[in-house]
Amino acid sequence: MSDDRPSWARRMVAERESRDWSQTEAVRALRAHAPKDLPDDANMLRQWKRWEAGTATPGAFYQPIIAAMFGTVTHALFPLKGKRDANAEIASVSGMETLEIVSRLQASDVDNATIEALRITADRLCSEYAFLPSEQLIVEGRAWLRRVGQLQEQRLTLAQHREVLTLSGWLALLVGCVEYDSGDRRAAESTRRAALSLAHEAENAEIQGWAYEMRAWFALTTGDYRGVIAASQAGALIAPNHGVAVQLAAQEAKAWARIGDRRQTEVSLDRGRRILEGMPHPDNLDNHFVVDPAKFDFYSMDCYRLLGEDRMARTLAEEVLRLGMEFDDAEHSPMRNSEARITLGVAAAREGDLDQALAYGQRALVGDRQSVPSLLMVSRELAAVVKERYASEPAAQEYLTRLHDLGRSKPGFLPVQ
């Protein structure tokens with residue numbers, strides 16, 4: 001039977017049920033998060049039922065309260081309509097063909113139109129991070145980084161010089177991310193340091209924050225959890241008012257979850273949620289260096305899986321997959337989707353369903369666009385459950401062998417035992 005309710009209504013039901021709340025208990029939780037008194041219980045329960053049925057939409061007053069009680073942000077639960085398509089179109093139009101931009105870069109003077117074309121080109125490349133094959137993106141990213149870097153040898157105004165440094169910083173961040181995704185840890189660290197140096201020279205706090213976020217990510221996937229916390233906190237001090245502060249808080253939460261400190265995990269998640277809730281909705285949801293509201297559910301999913309909150313993790317994983325398929329016939333966020341499938345696999349394995357767990361685990365390993373270090377990190381968690389509970393099963397042994405071989409092919413990262 002089809003369910004034609006809005007996605008937010010279906011999610012409200014899933015979030016409530018994952019916490020074993022009745023509708024009455026949900027209303028009670030809503031009151032606890034409300035900044036002022038709400039109508040009486042009978043009226044609120046009737047309203048809650050209408051929301052879950054999708055026959056009424058929560059207003060602007062109730063939306064952030066509902067999001068907060070479920071530990072997310074308003075526009076993750078109640079997304080704005082039409083943003084992705086409009087901004088993807090804007091991001092894809094540079095106003096010049098590549099050949100024209102390159103020819104202008106070779107001129108003795110660079111005009112502002114060329115700088116603007118470069119800015120849009122860099123935004124387009126950063127927007128293709130989620131789905132463009134690594135081999136293609138790294139070639140394009142390095143080529144544009146080299147072209148932009150050569151501009152520093154030409155006559156530039158002070159403003160143009162700073163803009164060139166900034167664009168080089170963004171491109172270096174992108175190239176470093178793709179290098180790390182591909183398993184080239186040494187090159188990625190060198191590029192990350194270059195991005196940090198460019199950001200210092202350009203006095204760009206946001207790029208500096210992302211350089212620290214990359215250090216936190218590198219530390220997370222190599223098991224250096226104290227290093228994650230140190231890098232996250234250092235980056236947050238430099239860029240407290242930028243979107244990267246949300247992702248830094250998320251990386252810190254992931255580290256605390258792996259250490260096993262539930263309280264610090266929840267404190268870090270809530271800090272990131274509050275920062276993101278107070279920020280304007282981003283213009284380009286596709287840009288890798290933009291923290292869109294849906295990313296926060298992805299962060300929380302990882303933490304809840306590690307904390308053993310399987311029902312809550314499953315609800316978020318299903319939401320990640322739904323959004324990953326919502327805007328295109330093909331997967332829009334294959335790397336997020338892979339981690340969501342592993343989350344569903346962990347939940348299935350803990351519930352005794354080996355076949356489903358392995359199906360999710362195998363599906364997560366398929367695809368042209370992967371972040372191998374992150375994929376190995378979360379796959380190790382599924383492997384641990386499978387090995388503990390199903391080590392004698394031939395299908396489990398086959399899956400563990402495949403993961404082990406993948407880990408051996410990427411030296412420098414924790415092996416899959």
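Values in this text are rule-based calculations from the coordinates and carry no lab data. Remember, it's a predicted structure, so these values are computed and weren't measured experimentally. Quick reminder, even Gly has a Cβ in these numbers, built from the backbone with ideal geometry, and neighbours come from all protein chains shown.
Given points 7 Å out from each Cα along the Cα-Cβ axis, report the A34 to A113 separation in nanometres with one decimal.
The answer from the label model is 5.8 nm.
If I take all pairs of Cα atoms in segment 82-302, what percentage of them are more than 25 Å from each other?
40 percent
Taking Cα atoms of segment 7-70, Rg/Rh with Kirkwood Rh, to two decimals?
Value, to two decimals: 0.91.
So what is log10(I(q)/I(0)) for the chain at q = 0.10, 0.12, 0.13 1/Å, when the Debye sum runs over its Cα atoms only?
-0.73, -1.02, -1.17
What aspartates and glutamates could a cross-link reach from K254, if we take a straight Cα to Cα line under 17 Å and drop same-chain neighbours fewer than 8 places away?
Partners within reach: E213, D224, E266, D270, D297, D302, E309, D310, E339, E381.
Which three extents, in angstrom, do the Cα atoms of segment 176-312 have along their principal axes, listed largest first?
Reported extents, whole Å, longest axis first: 44, 34, 26.
Where in segment 369-389 does the amide nitrogen come within less than 18 Å of the point 7 Å from the Cα of H404, taken along Cα to Cβ?
Of the residues in segment 369-389, 376-377, 379-389 have backbone N under 18 Å from the label point off H404.
Summarise the long-distance tail of P(r) for segment 146-217 by giving the % of C-alpha pairs beyond 17 Å.
So the pairs more than 17 Å apart make up 39 percent of the total in segment 146-217.
Tell me which aspartates and glutamates have Cα within less than 13 Å of K387's Cα, excluding those fewer than 8 residues away on the same chain?
E398
Can you put T222, T166 in order, fewest other beta carbons within 10 Å first?
T222, T166
Report D for segment 292-411 in µm² per second (integer): Stokes-Einstein, Kirkwood Rh on Cα pairs, 10 °C, 1.306 mPa s.
Stokes-Einstein gives a translational diffusion coefficient of 111 µm²/s.
With the crude spin-label approximation of a point 7 Å out along Cα→Cβ, what separation in nm comes out for A359 versus T222?
With each label placed 7 Å out from Cα toward Cβ, I get 3.9 nm.
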